[in-house]
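The values are calculated or read from the model by the stated rules, or taken from the named source; none is laboratory data. Worth saying up front: this structure is predicted, and the values here are computed from it rather than measured. So basically every Cβ, Gly included, is an ideal-geometry build from the backbone, and we count neighbours across all protein chains shown. These accessible areas exclude ligands, DNA and RNA; they are computed on the full protein's heavy atoms, side chains included. Shrake-Rupley method; radii C 1.70, N 1.55, O 1.52, S 1.80 Å.
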Amino acid sequence: MMKKRIAATMMAGFVAVSLAGCSIKTATETAKETTQTETAVTKSEETTAKTDAGARKKYVIGLAMNTQTNPFFVDVKDGVQKAADELGVELYITDAQDDPAVQMKDVENLITKKPDCIIIDTCDSDAIVSSIEDCNKAGIPVLTMDREASGGEVVSHIGYDAIKSGKLAGKFLADTLGGKGTIVELQGIMGTNVAQNRSKGFNEIISQNPDMKIVACQVADFDRAKGMSVMENILQANDHIDGLYAANDEMLLGALEAIEAAGRLDEITMIGCDAIDDTIEAIKAGKVEATIAEPPFFLGKAILKTAYDYLEGKNVEKYVILDNELVTSENVNGLVTKE
(Lines give C-alpha, C1' and ligand atoms only; values in the text may rest on other atoms or scores of the structure.)
Protein backbone atom coordinates (compact mmCIF):
# COMPACT_ATOMS: atom_id res chain seq x y z
CA MET A 1 0.00 0.00 0.00
CA MET A 2 1.58 3.27 -1.06
CA LYS A 3 1.90 6.02 1.52
CA LYS A 4 -0.92 8.52 1.49
CA ARG A 5 0.14 12.12 1.37
CA ILE A 6 -1.12 14.99 3.39
CA ALA A 7 -3.99 17.13 2.12
CA ALA A 8 -4.75 19.08 5.27
CA THR A 9 -3.74 22.72 5.59
CA MET A 10 -0.97 23.20 8.18
CA MET A 11 -1.28 25.55 11.09
CA ALA A 12 0.09 29.00 10.29
CA GLY A 13 1.86 29.29 13.62
CA PHE A 14 1.79 28.55 17.29
CA VAL A 15 -1.08 29.86 19.45
CA ALA A 16 -0.28 31.38 22.82
CA VAL A 17 -2.82 31.00 25.62
CA SER A 18 -2.67 32.30 29.17
CA LEU A 19 -4.43 30.53 32.04
CA ALA A 20 -4.62 31.34 35.75
CA GLY A 21 -1.57 29.82 37.42
CA CYS A 22 -0.42 28.45 34.07
CA SER A 23 0.92 29.98 30.89
CA ILE A 24 1.27 28.61 27.41
CA LYS A 25 3.94 30.08 25.17
CA THR A 26 5.15 29.22 21.70
CA ALA A 27 8.78 28.31 21.15
CA THR A 28 9.12 31.42 18.99
CA GLU A 29 7.78 33.66 21.77
CA THR A 30 10.06 32.00 24.28
CA ALA A 31 13.05 32.60 22.04
CA LYS A 32 12.10 36.24 21.66
CA GLU A 33 11.71 36.71 25.41
CA THR A 34 15.07 35.17 26.20
CA THR A 35 16.87 37.30 23.61
CA GLN A 36 15.29 40.68 24.32
CA THR A 37 18.50 41.95 25.94
CA GLU A 38 20.37 41.32 22.70
CA THR A 39 18.85 44.30 20.83
CA ALA A 40 21.07 47.15 19.73
CA VAL A 41 21.52 50.03 22.20
CA THR A 42 23.00 53.50 22.01
CA LYS A 43 26.52 54.30 23.28
CA SER A 44 25.14 55.69 26.53
CA GLU A 45 22.92 52.64 27.02
CA GLU A 46 25.92 50.37 26.39
CA THR A 47 27.80 52.09 29.20
CA THR A 48 24.84 51.62 31.55
CA ALA A 49 24.53 47.98 30.53
CA LYS A 50 28.21 47.35 31.28
CA THR A 51 27.84 48.96 34.70
CA ASP A 52 24.79 46.84 35.48
CA ALA A 53 26.57 43.68 34.32
CA GLY A 54 29.49 44.43 36.62
CA ALA A 55 27.14 44.79 39.58
CA ARG A 56 25.03 41.72 38.71
CA LYS A 57 25.14 38.91 41.22
CA LYS A 58 26.85 35.77 39.95
CA TYR A 59 24.47 32.86 40.45
CA VAL A 60 25.46 29.20 40.52
CA ILE A 61 22.85 26.74 39.26
CA GLY A 62 22.94 22.95 39.28
CA LEU A 63 21.62 21.18 36.19
CA ALA A 64 20.76 17.50 36.68
CA MET A 65 20.25 16.13 33.18
CA ASN A 66 18.62 12.74 32.65
CA THR A 67 20.85 11.93 29.65
CA GLN A 68 23.26 13.47 27.19
CA THR A 69 23.21 10.68 24.59
CA ASN A 70 19.75 11.58 23.22
CA PRO A 71 20.04 14.51 20.73
CA PHE A 72 16.88 16.10 22.18
CA PHE A 73 18.48 16.49 25.59
CA VAL A 74 21.80 17.57 24.13
CA ASP A 75 19.90 20.49 22.60
CA VAL A 76 18.13 21.13 25.92
CA LYS A 77 21.49 21.42 27.66
CA ASP A 78 22.82 23.68 24.91
CA GLY A 79 19.83 25.98 25.38
CA VAL A 80 20.44 26.14 29.13
CA GLN A 81 24.13 26.86 28.55
CA LYS A 82 23.37 29.61 26.02
CA ALA A 83 21.05 31.41 28.44
CA ALA A 84 23.52 30.92 31.31
CA ASP A 85 26.31 32.48 29.24
CA GLU A 86 24.10 35.45 28.39
CA LEU A 87 23.16 36.03 32.03
CA GLY A 88 26.55 35.32 33.59
CA VAL A 89 25.35 32.19 35.41
CA GLU A 90 27.75 29.39 36.38
CA LEU A 91 26.46 25.86 35.81
CA TYR A 92 27.23 22.55 37.50
CA ILE A 93 26.01 19.91 34.99
CA THR A 94 25.49 16.20 35.65
CA ASP A 95 24.42 13.35 33.35
CA ALA A 96 22.43 10.45 34.82
CA GLN A 97 22.58 8.41 31.59
CA ASP A 98 18.86 7.62 31.95
CA ASP A 99 19.40 5.87 35.29
CA PRO A 100 17.14 7.11 38.14
CA ALA A 101 19.58 5.78 40.76
CA VAL A 102 22.45 7.73 39.20
CA GLN A 103 20.32 10.86 39.05
CA MET A 104 19.57 10.58 42.76
CA LYS A 105 23.31 10.54 43.46
CA ASP A 106 23.82 13.42 41.04
CA VAL A 107 21.33 15.59 42.91
CA GLU A 108 22.88 14.57 46.22
CA ASN A 109 26.27 15.73 44.95
CA LEU A 110 24.81 18.98 43.63
CA ILE A 111 23.31 19.71 47.05
CA THR A 112 26.77 19.50 48.64
CA LYS A 113 27.93 22.26 46.27
CA LYS A 114 25.22 24.56 47.69
CA PRO A 115 24.07 26.13 44.40
CA ASP A 116 21.50 28.91 44.34
CA CYS A 117 19.00 26.51 42.76
CA ILE A 118 18.84 23.16 40.96
CA ILE A 119 17.15 22.42 37.63
CA ILE A 120 16.16 18.78 37.09
CA ASP A 121 15.18 16.97 33.91
CA THR A 122 13.93 13.80 35.52
CA CYS A 123 14.69 10.22 34.51
CA ASP A 124 11.64 8.95 36.37
CA SER A 125 8.75 11.05 37.69
CA ASP A 126 8.33 8.98 40.88
CA ALA A 127 11.96 8.11 41.66
CA ILE A 128 13.06 11.76 41.68
CA VAL A 129 10.65 12.79 44.46
CA SER A 130 12.98 11.92 47.34
CA SER A 131 15.78 13.92 45.72
CA ILE A 132 13.55 16.97 45.39
CA GLU A 133 12.53 16.59 49.01
CA ASP A 134 16.23 16.53 49.96
CA CYS A 135 16.66 19.81 48.09
CA ASN A 136 13.66 21.21 49.93
CA LYS A 137 15.20 20.26 53.28
CA ALA A 138 18.49 21.86 52.26
CA GLY A 139 16.69 25.09 51.34
CA ILE A 140 17.68 24.85 47.66
CA PRO A 141 14.93 25.84 45.19
CA VAL A 142 14.10 23.27 42.51
CA LEU A 143 12.76 23.72 38.99
CA THR A 144 11.86 20.88 36.64
CA MET A 145 11.63 20.73 32.86
CA ASP A 146 10.18 18.44 30.22
CA ARG A 147 9.28 15.60 32.59
CA GLU A 148 7.40 16.48 35.76
CA ALA A 149 8.06 15.09 39.22
CA SER A 150 5.29 13.29 41.10
CA GLY A 151 6.00 15.11 44.34
CA GLY A 152 8.24 17.45 46.30
CA GLU A 153 8.12 21.24 46.28
CA VAL A 154 8.97 22.66 42.85
CA VAL A 155 9.20 26.39 42.12
CA SER A 156 8.26 26.03 38.46
CA HIS A 157 7.89 23.40 35.76
CA ILE A 158 8.40 24.12 32.06
CA GLY A 159 7.56 21.64 29.36
CA TYR A 160 5.45 20.86 26.32
CA ASP A 161 1.84 19.66 26.18
CA ALA A 162 2.44 15.93 25.84
CA ILE A 163 -1.23 15.02 25.57
CA LYS A 164 -1.62 17.48 22.71
CA SER A 165 1.43 15.98 20.98
CA GLY A 166 -0.15 12.53 21.12
CA LYS A 167 -3.43 13.88 19.81
CA LEU A 168 -1.71 15.66 16.93
CA ALA A 169 0.01 12.40 15.97
CA GLY A 170 -3.23 10.42 16.17
CA LYS A 171 -5.12 12.97 14.10
CA PHE A 172 -2.37 13.05 11.49
CA LEU A 173 -2.51 9.28 10.99
CA ALA A 174 -6.32 9.27 11.02
CA ASP A 175 -6.51 12.03 8.41
CA THR A 176 -3.73 10.64 6.23
CA LEU A 177 -5.02 7.06 6.27
CA GLY A 178 -8.66 8.02 5.85
CA GLY A 179 -9.65 6.82 9.31
CA LYS A 180 -8.75 3.16 8.74
CA GLY A 181 -5.73 0.88 8.85
CA THR A 182 -3.40 -1.09 11.10
CA ILE A 183 -1.26 0.98 13.44
CA VAL A 184 1.91 0.46 15.51
CA GLU A 185 2.67 2.54 18.60
CA LEU A 186 6.17 2.76 20.10
CA GLN A 187 6.06 4.10 23.65
CA GLY A 188 8.78 5.89 25.61
CA ILE A 189 9.93 5.48 29.22
CA MET A 190 6.58 4.79 30.87
CA GLY A 191 7.82 5.93 34.26
CA THR A 192 7.66 9.50 32.93
CA ASN A 193 4.55 11.65 32.62
CA VAL A 194 5.64 12.62 29.10
CA ALA A 195 5.50 9.04 27.79
CA GLN A 196 2.23 8.38 29.59
CA ASN A 197 0.57 11.53 28.29
CA ARG A 198 1.77 11.18 24.69
CA SER A 199 0.31 7.66 24.64
CA LYS A 200 -2.90 8.85 26.30
CA GLY A 201 -3.47 11.59 23.74
CA PHE A 202 -2.65 9.31 20.82
CA ASN A 203 -4.96 6.50 21.94
CA GLU A 204 -7.77 8.95 22.62
CA ILE A 205 -7.81 9.95 18.95
CA ILE A 206 -7.33 6.41 17.59
CA SER A 207 -10.24 5.17 19.73
CA GLN A 208 -12.49 7.63 17.92
CA ASN A 209 -11.76 5.84 14.64
CA PRO A 210 -13.24 2.32 14.85
CA ASP A 211 -11.63 1.23 11.57
CA MET A 212 -8.13 1.96 12.90
CA LYS A 213 -6.57 -0.88 14.87
CA ILE A 214 -3.38 -0.79 16.95
CA VAL A 215 -1.83 -4.17 16.15
CA ALA A 216 1.32 -3.62 18.23
CA CYS A 217 2.08 -1.31 21.16
CA GLN A 218 5.52 -1.75 22.68
CA VAL A 219 7.91 0.20 24.88
CA ALA A 220 11.25 1.26 23.36
CA ASP A 221 12.31 3.69 26.11
CA PHE A 222 12.84 6.74 23.87
CA ASP A 223 15.95 4.95 22.53
CA ARG A 224 17.00 4.62 18.86
CA ALA A 225 18.61 1.18 19.14
CA LYS A 226 15.63 -0.19 21.06
CA GLY A 227 13.27 1.39 18.54
CA MET A 228 15.02 -0.51 15.74
CA SER A 229 15.05 -3.82 17.63
CA VAL A 230 11.41 -3.59 18.68
CA MET A 231 10.31 -2.62 15.18
CA GLU A 232 12.20 -5.53 13.64
CA ASN A 233 10.16 -7.93 15.77
CA ILE A 234 6.91 -6.13 14.99
CA LEU A 235 7.59 -6.28 11.25
CA GLN A 236 8.21 -10.02 11.45
CA ALA A 237 4.92 -10.54 13.30
CA ASN A 238 2.79 -8.32 11.03
CA ASP A 239 2.61 -8.78 7.27
CA HIS A 240 0.87 -5.45 6.78
CA ILE A 241 1.19 -2.16 8.68
CA ASP A 242 -0.31 1.13 7.53
CA GLY A 243 0.91 3.60 10.13
CA LEU A 244 3.51 4.07 12.85
CA TYR A 245 3.54 6.50 15.77
CA ALA A 246 6.77 6.66 17.73
CA ALA A 247 6.54 8.79 20.87
CA ASN A 248 9.91 10.40 20.14
CA ASP A 249 12.11 10.84 17.10
CA GLU A 250 14.92 8.63 18.38
CA MET A 251 12.59 5.63 18.41
CA LEU A 252 11.18 6.71 15.06
CA LEU A 253 14.62 6.84 13.47
CA GLY A 254 15.48 3.40 14.86
CA ALA A 255 12.21 2.04 13.50
CA LEU A 256 12.94 3.69 10.15
CA GLU A 257 16.19 1.71 9.89
CA ALA A 258 14.30 -1.53 10.47
CA ILE A 259 11.56 -0.60 8.00
CA GLU A 260 14.05 0.36 5.28
CA ALA A 261 16.02 -2.86 5.81
CA ALA A 262 12.79 -4.85 5.43
CA GLY A 263 11.96 -3.06 2.18
CA ARG A 264 8.65 -1.76 3.56
CA LEU A 265 9.26 1.99 3.46
CA ASP A 266 6.46 2.71 0.95
CA GLU A 267 3.95 0.74 3.00
CA ILE A 268 4.07 2.62 6.30
CA THR A 269 3.14 6.24 7.08
CA MET A 270 5.33 7.41 9.96
CA ILE A 271 5.16 10.18 12.56
CA GLY A 272 7.42 10.90 15.54
CA CYS A 273 7.80 13.66 18.09
CA ASP A 274 10.48 16.28 18.96
CA ALA A 275 11.62 17.50 15.51
CA ILE A 276 15.30 16.74 16.00
CA ASP A 277 17.68 17.43 13.11
CA ASP A 278 17.85 13.85 11.78
CA THR A 279 14.07 13.62 11.56
CA ILE A 280 13.82 16.96 9.80
CA GLU A 281 16.24 15.64 7.18
CA ALA A 282 14.25 12.40 6.88
CA ILE A 283 11.07 14.41 6.21
CA LYS A 284 12.86 16.46 3.56
CA ALA A 285 14.10 13.22 1.98
CA GLY A 286 10.56 11.81 1.87
CA LYS A 287 11.34 8.89 4.18
CA VAL A 288 9.25 10.09 7.13
CA GLU A 289 5.91 11.88 6.81
CA ALA A 290 5.75 13.95 10.00
CA THR A 291 6.85 14.78 13.52
CA ILE A 292 5.65 17.04 16.32
CA ALA A 293 7.89 20.03 16.96
CA GLU A 294 8.88 20.47 20.60
CA PRO A 295 12.11 22.48 20.17
CA PRO A 296 14.45 21.43 23.02
CA PHE A 297 16.88 24.33 22.64
CA PHE A 298 14.20 26.88 23.48
CA LEU A 299 13.00 24.70 26.36
CA GLY A 300 16.51 24.90 27.83
CA LYS A 301 16.70 28.67 27.41
CA ALA A 302 13.27 29.10 28.97
CA ILE A 303 14.02 27.09 32.12
CA LEU A 304 17.31 28.89 32.79
CA LYS A 305 15.66 32.29 32.29
CA THR A 306 12.87 31.28 34.67
CA ALA A 307 15.37 30.14 37.30
CA TYR A 308 17.28 33.42 36.94
CA ASP A 309 14.10 35.49 37.28
CA TYR A 310 13.16 33.58 40.43
CA LEU A 311 16.59 34.18 41.97
CA GLU A 312 16.22 37.87 41.10
CA GLY A 313 13.03 37.99 43.16
CA LYS A 314 10.60 38.12 40.26
CA ASN A 315 7.31 36.24 40.20
CA VAL A 316 7.41 33.12 38.00
CA GLU A 317 4.62 30.89 36.80
CA LYS A 318 4.12 27.57 38.57
CA TYR A 319 3.63 25.91 35.17
CA VAL A 320 4.77 27.15 31.78
CA ILE A 321 3.54 25.00 28.93
CA LEU A 322 5.25 25.63 25.60
CA ASP A 323 3.17 25.03 22.50
CA ASN A 324 3.93 22.43 19.84
CA GLU A 325 3.02 21.93 16.19
CA LEU A 326 2.73 19.34 13.47
CA VAL A 327 5.64 19.33 11.03
CA THR A 328 5.33 17.82 7.55
CA SER A 329 6.91 18.38 4.15
CA GLU A 330 4.59 21.36 3.73
CA ASN A 331 6.10 23.45 6.53
CA VAL A 332 9.41 21.78 7.40
CA ASN A 333 11.54 24.33 5.54
CA GLY A 334 10.21 27.18 7.69
CA LEU A 335 10.74 25.43 11.01
CA VAL A 336 13.03 27.13 13.55
CA THR A 337 14.25 24.83 16.31
CA LYS A 338 17.35 26.60 17.65
CA GLU A 339 19.41 29.78 17.45
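Selection of segment 198-238 for residues being of a type in the set (D, E, K, R) and farther than 13 Å from Gly181 by Cα yields Arg198, Lys200, Glu204, Asp221, Asp223, Arg224, Lys226, Glu232. Cβ-Cβ contacts under 9 Å between residues 6 or more apart (or on different chains), taken from a first residue in segment 126-147 that is in the same structural domain as Glu108 (by the TED database) and assigned to a helix (DSSP H, G or I) to a second residue that is of a type in the set (Asp, Glu) and open to solvent by 10 Å² or more (accessible area, probe 1.4 Å), are listed as Ser131/Asp106; Ser131/Glu108; Ile132/Glu153; Glu133/Glu153; Asp134/Glu108; Cys135/Glu153; Asn136/Glu153. Total residues in segment 58-112 satisfying the condition of being of a type in the set (Val, Ile, Thr), open to solvent by less than 20 Å² (accessible area, probe 1.4 Å) and farther than 25 Å from Ala127 by Cβ: the figure is 1.
Please determine whether any residue of segment 149-160 is surrounded by fewer than 20 Cβ atoms within 10 Å (Cβ to Cβ) and touching a Leu at 6+ places or on another chain (Cβ under 7 Å).
Taking every residue of segment 149-160 in turn, at least one turns out to be surrounded by fewer than 20 Cβ atoms within 10 Å (Cβ to Cβ) and touching a Leu at 6+ places or on another chain (Cβ under 7 Å).
For first residues located in segment 102-113 and outside any helix (DSSP H, G or I), partners that are of a type outside the set (Lys, Arg) and lie 6+ apart or on another chain with Cβ distances below 7 Å form the pairs Lys113/Gly62; Lys113/Tyr92. Among the residues of this structure, Asp323 does not count as one that is under 18 Å from the mean Cα position of the chain (by Cα) and modelled with pLDDT of 95 or more.
If you check Asn233 against the conditions, is it open to solvent by 10 Å² or more (accessible area, probe 1.4 Å), touching a helix residue (DSSP H, G or I) at 6+ places or on another chain (Cβ under 6 Å) and either aromatic (Phe, Trp, Tyr) or part of a helix (DSSP H, G or I) (or both)? In short, no.
Hey, among the residues in segment 161-192 that are open to solvent by 30 Å² or more (accessible area, probe 1.4 Å) and part of a helix (DSSP H, G or I), which one's nearest to Arg264 (Cα to Cα)? Across segment 161-192, the extreme among qualifying residues is Asp175.
Just name the residue that is nearest to the chain's Cα centre (by Cα) out of those in segment 206-225 that are in a helix (DSSP H, G or I) and buried (at least 20 other Cβ atoms within 10 Å of the Cβ).
Top of the filtered list is Arg224.
Residue by residue, here is whether (1) among the hydroxyl-bearing types (Ser, Thr, Tyr); (2) modelled with pLDDT of 95 or more; (3) farther than 17 Å from Thr192 by Cα holds:
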site: Pro71; (1), (2), (3): no, no, yes
site: Asp78; (1), (2), (3): no, yes, yes
site: Lys82; (1), (2), (3): no, yes, yes
site: Asp85; (1), (2), (3): no, yes, yes
site: Val89; (1), (2), (3): no, yes, yes
site: Tyr92; (1), (2), (3): yes, yes, yes
site: Asp106; (1), (2), (3): no, yes, yes
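Residues Glu289, Glu330: which one is over 16 Å from the mean Cα position of the chain (by Cα) and open to solvent by less than 10 Å² (accessible area, probe 1.4 Å)? Going through Glu289, Glu330 in turn, the sole match is Glu289.
The combined condition, being open to solvent by 40 Å² or more (accessible area, probe 1.4 Å) and farther than 30 Å from Ile120 by Cα, is not fulfilled by Glu317.
So that you can scan it fast, the table gives a plain yes or no per residue for (1) outside any loop (DSSP other than H, G, I, E, B); (2) touching a residue at least 40 places away in the same chain (Cβ under 8 Å); (3) closer than 24 Å to Gln218 by Cα:
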| position | (1), (2), (3) |
| --- | --- |
| Leu252 | yes, yes, yes |
| Ile259 | yes, no, yes |
| Val316 | no, yes, no |
| Lys338 | no, yes, no |
